[in-house]
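Structure first, then comments.
The values are calculated or read from the model by the stated rules, or taken from the named source; none is laboratory data. From a predicted model like this one, the values you see are computed outputs, not experimental measurements. Positions of Cβ are backbone-derived with ideal geometry, glycine not excepted, and every protein chain shown enters the neighbour counts. With ligands, DNA and RNA removed, areas are computed over all heavy atoms of the protein, side chains included. Shrake-Rupley method; radii C 1.70, N 1.55, O 1.52, S 1.80 Å.
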Amino acid sequence: MKPAPFAYDAPRETAQVVELLAKYGDDAKVLAGGQSLIPLLNFRLARPDRLIDVTRVPALSNIEPRDGSLVIAAATRQATLERSALTAQGWPLLIEALRYVAHSQIRALGTVGGSVAHADPAAELPAAFMTLDARFHLRCARGARTVPAAEFFVSYFTTALEPDELLEEIEVPPLPGGTGYAFVEFARRHGDFALGGAAALITLDARGMCRHISLTLLGAETPWRSPQTEQVLVGNPPDEQNLVEAAHAAVQGFEPSGDIHGSTEYRIGLAETMALRALRRALDRAHTGGRPT
Amino acid sequence: MTWTARLQGEAQPQAADEQPSLHLGPGRVIGRRIQRLEDPRLLTGQAPFVADVNLPGMVHAAIVRSPAAHGYLRTIDAAEALGSPGVQAVLTAKDLDELGVGEMPVHWLRPGQRNVSNPILATDKVYYVGQPVAVVVADDAYAAEDAAELVSLEIDPLPAMVNAEEALQPGATILHEEWETNLLAEHIASGGDVDRQFEHAEVVIAERFQIQRQAGMPIETRGAAATYDPLTGELTLWVSTQMPHLVKTDICQVCGWPGHKVRVIAPAVGGGFGVKEPPYPEEIVVCVLAKQLARPVKWVEDRREHFLASVQAREMTWDVELAADGNGRILGLRGRVIYDVGGHASAQGIGVPIVGTGMMLGPYDVQHMRVHILGAVTNKVPAGAYRGFGRPQATFVMERLVDELAARLNLDRAAVRQRNFIAPHAQPYRNALGHVYDGGDYGRTLDRALRQIGYDVFAARQAEARAQGRLLGIGFVTFVMEAGLGPSEQIVRGGHMTGTYETVLIRMDPSGKAVVYCGSSSQGQGHETTLAQVCADRLGLDPERDVVVVLGDTATTPYSPASAIGSRVGMVGGAATFLAADRIREKLVKLTAHLLEANVGDIEISEGLAYVQGSKDRALTIQEVATAACLGSNLPDGMLPGLEVSETFDPPVSTFPYATHAATVEIDPDTGGLTILRYVVVQDCGTMINPSVVEGQIAGGVAQGIGGALLEQLVYNSDGQPLTTSFMDYLLPTAVEIPDIEIVHLQTPAPDIPGGMKGLGEAGTVAPAAVLGNAVADALAPFGIRVTTLPLDPDRLWRAINRRGDGAS
Ligand SMILES: Cc1cc2nc3c(=O)[nH]c(=O)nc-3n(C[C@H](O)[C@H](O)[C@H](O)COP(=O)(O)OP(=O)(O)OC[C@H]3O[C@@H](n4cnc5c(N)ncnc54)[C@H](O)[C@@H]3O)c2cc1C
């Protein structure tokens, strides 16, 4: 469990990161918090020739408001986001999601962008960003581009990022006032990757009907945003019967892969339970004006 | 994790919680809650572990392990590795053969057992993924690992056999071709006439139980560092082991080296739990290399290797039947257990199921049983000891059967147990297999545990919860275990190749302070504290200031064949310390009487003083008496100078500690998640040397038992590839999963052991799987589910509740 030899760069500017990525491409890997990459190196499952550490670039560790949106620079530590007052005020779903990410020691090192770029199917932040319709700003020597969450996650541990591309920022649009939110999950132990989980947003209109719904399940190839759930609920009253139906609709086509901790069948059943619990909790909060309960 | 200790007034002979402040003397230090003497060193990072041993010129070893579960090893090509930067040597079986190094002995033998030793490095065949094949030595651990990757192995793969039951079927792939079978060894544990009992039984409960593969998982992995002095021919090995003296014995035997030139030191060891019981091939290899290269050599196992090469445990399949009459009186138990041995015998052979089955009838007065034990080899890591040593499995099986019996007869589970318990007045009781129990009131522990957990009101709570769709359950288990095995002669006759005695040497110098030398080692159990307390108690000393305990170094401590295994150090090491200290005390008393011109019978020793009873002004300090003894002047007639005593204690019998554990649980029907609401332990381990240490041992054991019941499972795929090789996949319980553990003590001193201690170290692990199995079965009773398979993971529970597949049954 010692990594194969590698070279190490610690640039101070984003431009230098991008330059190095352009130069080494496939042979290099971005090193952020190292909480996923270092174990892979130690098991020699990954053996890049070069690591480019992005945590020394001040511009890549930052949280700021921009035109009503929340902008998180990619190398911001998960713990920093968890304690951000700005985030708590406008995007509390992210904080509720972060509480399920590993343990506080790991969140102190792990970065927001690292979790997104790593794209573990059971990771919480990708599901939360999908629910929030986040946009990912990518940069490489060839130029910059923006990819919406719905197109960013491609497959297990695979994203739209090219080998020479850096995830620079994550932009989360504002939510309508009074949006109820919830992140729920179930894991075998506290802090483990989830066996099932769901993120939900519910905005009600003046008559108490569902105006906007967003529900994402985690655990499948990519975060599973269910259009069926939205169809069942939008324009309809969020009564218990509709929530049950919406949760059931959510798992239609949802295909988590089974492993030693839980079969596919179990994970589907669990996802339905998580969807229902997330919808119920989000609804409660929508009723109380979107405040934490 | 926290736990509440509720020391009840019912404990005898003294309420250990009342700290008679600063009262030093017989009966005053044993039983006291002092803080552990080793903790400041361990908690401040000052204690040296094997990984901390760094010597000038040291080189590092990396092990090349078999990537295949089963196959013929054709060639090993090390040319490229030898050319890699910093590489000093590559060692294979051929080199060991040329050096005249033999095979690792198996220490537990049954008649007809098919292997009695195993190659250190693979020769012509590999039997499991992780089996050591070659060793690369380089200037640092990184270079060694880089080069180890370059050793290329040509292996002709064979089909893997990963199921012990299938391994015994006709036509199964044979692992060790010369055996012509996969049966390593077998044993029939039998007493009475069990078939007769089944003929007239009114009820027979037949069930199949499956217990998964687990392992002890110490936080410190294994490791070894050796240095050889060519001038003197002396070899020193630091090794993370529970048995330094046995490691030394094996090295001498395997390498043909003389014992007086080999020194083995177990420094601070971060957990053992049975995993570090047997000597291992890597430990021998490091010694051989240190001598060959004339440079210090170190190897520290990494966690992945630990999952591939350190003994695993617990995997068994039981087919058993319990016979009873219509009132729930148990008549007999019979059946078969298949034990998954792994690729070849570990040092413990099939000892684990033998020990487990030996006490399977536990607290019940049943004189008829027959269990056929079969140990089958499979292409997995060899199986050996893990805290509990077969007892958790046997207890799970027996206690699930008892609950099923009660359910079948519609009787109360507690009442069925009380009906079958051995009455206190029937002690000492000889069980069906001939073990003679040393006393105990099992019914009392059950009553006490049920009172503590509120059994009488639980049914109402459960019914109320069920009405709301919530699933609550309660489970309880009473067990008796054989601990601190003895006497040596009987244990060796039973097939275990080491005795179970302990020798303790106590030295007092003119300062009047005592040093206790014991050949056992410590892996966190607190032996330094408990042995110091025993010594201090007998000698009127302060255990914190006046006593030092030296453990685990073969050069300074007396030979100890069994060391820190089998829940024995407190009991056997404690008894030897007790006897040795008493002999020092006797000498101090005699000498004091002489110096003060008083009668021997009038001398008392306490508070660091030796004085004439009732007149403390006629007193000498222990220091003054010790000085006189060590100077050797002014001694009474016939007394030799010096204050050094060695005592060997070979337990005339084993001890039989017992306990009841009870737990309540809640299961979420929609997730299959299980929460332990309360966990109660009522334990009688005889005299408690230090109740805090006892509670720490119980709490840690219960936590491991809970892990085994709910979380931990070593998984192999059909090719014999291990799927659990990190703590991401093999789930240990954390503080969050472990509830407060409420502990109630009973104290019935062991009648045959000086000091009255009974074994304790493993006790906590024995019951949790059974308790939680019973609690889950109770919670899921409305679904008609039989709990027979471990672990009780959420997928399994969810399927059972939602009636998909076979779930828990
Ligand atoms: C014990 C343990 C438990 C965990 N449990 C959870 C959990 O429950 N939920 C969860 O979501 N996560 C969990 N994690 C993972 C953790 O959240 C990681 O921090 C995260 O997955 C990766 O972030 P990082 O900053 O450590 O990235 P690194 O490990 O440094 O990198 C991960 C990958 O992302 C790439 N990368 C990183 N940053 C960028 C960037 N800016 N641009 C392009 N590529 C980039 C790297 O090249 C690498 O391939 C756990 C980790 C551990 C060790």
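A few remarks follow.
- Heavy atoms of the protein chains alone define the surface here; on that basis chain A has 41 Å² accessible area per residue at 1.4 Å probe size.
- In segment A:192-234, comparing the full protein assembly with the chain on its own, no residue loses 50 Å² or more of accessible surface at a 1.4 Å probe.
- Alpha-carbon radius of gyration plus Dmax, which is the widest Cα pair, for segment B:204-326 in Å: 19.8, 77
- Computed over the alpha-carbon pairs of segment A:63-172, the distance histogram in 5 Å steps reads 2, 13, 25, 28, 19, 10, 3, 0 percent, short to long.
- Area buried, chain B against chain A - accessible surface, total, 1.4 angstrom probe, square angstrom: 2500 Å²
- Pairwise FRET efficiency - B:Arg208 versus B:Asp456, Cβ, R0 = 35 Å, nearest 0.05: 0.55
- Residues with amide H under 5 Å from that of A:Val154, placed H, sequence gap 5 or more: A:Thr159, A:Ala160
- Calculated log₁₀ intensity ratio I(q)/I(0) where the Debye formula runs over C-alpha points of segment A:7-53, q = 0.23 Å⁻¹: -0.79
- Residues whose amide H falls under 5 Å from that of B:Thr221, counting only those 5 or more places apart or on a different chain, are absent, with hydrogens built in the peptide plane.
- Exposed loop sites, defined as trypsin sites (Lys or Arg not before Pro) outside DSSP H, G, I, E and B with at most 16 other Cβ atoms within 10 Å, are absent from the longest region of chain A, namely A:208-293.
- Rounded to whole numbers, the Karplus 3J(HN,Hα) couplings from phi for segment A:52-63 are 10, 6, 9, 7, 8, 8, x, 5, 8, 10, 6, 10 Hz, using 6.51 cos²θ - 1.76 cosθ + 1.60 with θ = phi - 60°, and x at Gly and Pro.
- Dipole orientation for segment B:117-260: of the candidates B:Ala144, B:Ala225, B:Val204, B:Ala225 has the Cα lying most toward the positive pole (charges on Cβ; Lys, Arg +1; Asp, Glu -1).
- Pairs of alpha carbons in segment A:19-109 whose separation is greater than 18 Å (percent): 54 percent
- Span from the segment B:268-285 Cα centroid across to the segment B:148-177 one, whole angstrom: 26 Å
- For chain B, with all protein chains in place and a probe radius of 1.4 Å, 50% of the accessible heavy-atom surface sits on carbon or sulfur.
- Take every pair of alpha-carbon atoms less than 8 Å apart whose residues are at least six positions apart; their mean separation over the length of segment B:20-128 yields a relative contact order of 28 percent.
- Rg/Rh for segment B:448-606 stands at 1.23; both radii use Cα atoms, and Rh follows the Kirkwood definition.
- Helical segments meeting 15 Å axial Cα length and Kyte-Doolittle -0.5 threshold in chain B (DSSP H): B:244-255, B:281-293, B:391-409, B:455-467, B:527-539, B:574-596, B:691-710, B:768-779
- Compared with its chain on its own, segment B:128-150 contains the following residues whose accessible area drops by 50 Å² or more in the full protein assembly (probe 1.4 Å; ligands, DNA and RNA excluded): B:Tyr142, B:Glu145, B:Asp146, B:Glu149.
- Under the criterion of Cα pairs below 8 Å and six or more residues apart, the relative contact order for chain B equals 17 percent.
- Surface per residue (accessible, 1.4 Å probe) for chain B, Å²: 34 Å²
- Ordering B:Gly526, B:Val341, B:Leu42 by Cα displacement along the dipole of chain B toward the positive end leaves B:Gly526 in first place; charges were set at the Cβ atoms of Lys, Arg (+1) and Asp, Glu (-1).
- Within the shell defined by Cβ-Cβ distances under 13 Å, the residues around B:Ser152 carry a net charge of -3, with Lys and Arg each +1 and Asp and Glu each -1.
- Qualifying GluC sites (Glu not before Pro) in segment B:589-631, DSSP loop, other Cβ atoms within 10 Å at most 14: B:Glu597
- Euclidean distance of C-alpha centroids, segment B:440-464 and segment A:33-65, integer Å: 54 Å
- Here segment A:180-287 has 49 percent of its accessible surface on carbon and sulfur atoms, given a 1.4 Å probe and all protein chains in place.
- Computed P(r) (all Cα pairs; the protein assembly as shown; 20 Å bins; percent): 12, 36, 36, 15, 2, 0
- Of the residues making up segment A:258-276, those losing 40 Å² or more of accessible area when the isolated chain is joined by the remaining protein chains, with a 1.4 Å probe, are A:Ile260, A:His261, A:Glu265, A:Tyr266.
- Karplus-derived 3J(HN,Hα) values for segment B:149-165, using 6.51 cos²θ - 1.76 cosθ + 1.60 with θ = phi - 60°, are 5, 8, 6, 9, 10, 9, 10, 7, x, 10, x, 8, 10, 10, 10, 5, 5 Hz; glycine and proline are entered as x.
- Summing charges over neighbours of B:His187, with a neighbour being any other residue whose Cβ is under 13 Å away from its Cβ, gives +2 when K and R count +1 and D and E count -1.
- For segment B:554-613 versus segment B:516-546, the gap between their alpha-carbon centres in whole angstrom: 12 Å
- A cut-off of 5 Å between modelled amide H atoms, ignoring neighbours fewer than 5 places along the same chain, links B:Leu184 with B:Gly375, B:Ala376, B:Val377.
- Kirkwood Rh, Cα atoms: Rg over Rh of chain B: 0.99
- Note, ³J(HN,Hα) from phi for segment A:188-193, Karplus 6.51, -1.76, 1.60, rounded to Hz, x at Gly and Pro: 5, 10, 4, x, 6, 4
- Comparing A:Val172, A:Tyr100, A:Thr158 along the charge dipole axis of segment A:63-172, the residue lying farthest to the positive side is A:Tyr100, per the Cβ-charge model.
- Principal semi-axes of the equivalent ellipsoid, √(5λ) from the alpha carbon gyration tensor of segment B:601-658, are 30, 19, 10 Å from largest down.
- Nearest-20 debye value, segment A:7-53 charge dipole, Cβ charges on Lys, Arg, Asp, Glu: 180 debye
- Within the accessible surface of segment A:63-172, defined with a 1.4 Å probe on protein heavy atoms only, the carbon and sulfur portion equals 51 percent.
- Charge tally for B:Phe421 (other residues, Cβ to Cβ under 10 Å; Lys, Arg +1; Asp, Glu -1): +1.
- Helix-derived mean residue ellipticity, 222 nm - over chain A, DSSP H n ≥ 4, -39500 (n - 2.57), to 500: -9500 deg cm²/dmol
- Chain B, helix-only ellipticity at 222 nm - DSSP H runs n ≥ 4, -39,500 (n - 2.57), divided by all residues, nearest 500: -8000 deg cm²/dmol
- Pairs exceeding a 24 Å alpha-carbon distance, out of B:Lys125/B:Lys380; B:Lys513/B:Lys616; A:Lys2/A:Lys29; A:Lys2/B:Lys291; B:Lys590/B:Lys616; B:Lys276/B:Lys513: A:Lys2/B:Lys291; B:Lys276/B:Lys513.
- Think of each Lys and Arg Cβ as +1 and each Asp and Glu Cβ as -1; about the Cα centre, that makes the dipole of segment B:459-554 roughly 540 debye.
- Nearest-20 debye value, the protein assembly as shown charge dipole, Cβ charges on Lys, Arg, Asp, Glu: 1400 debye
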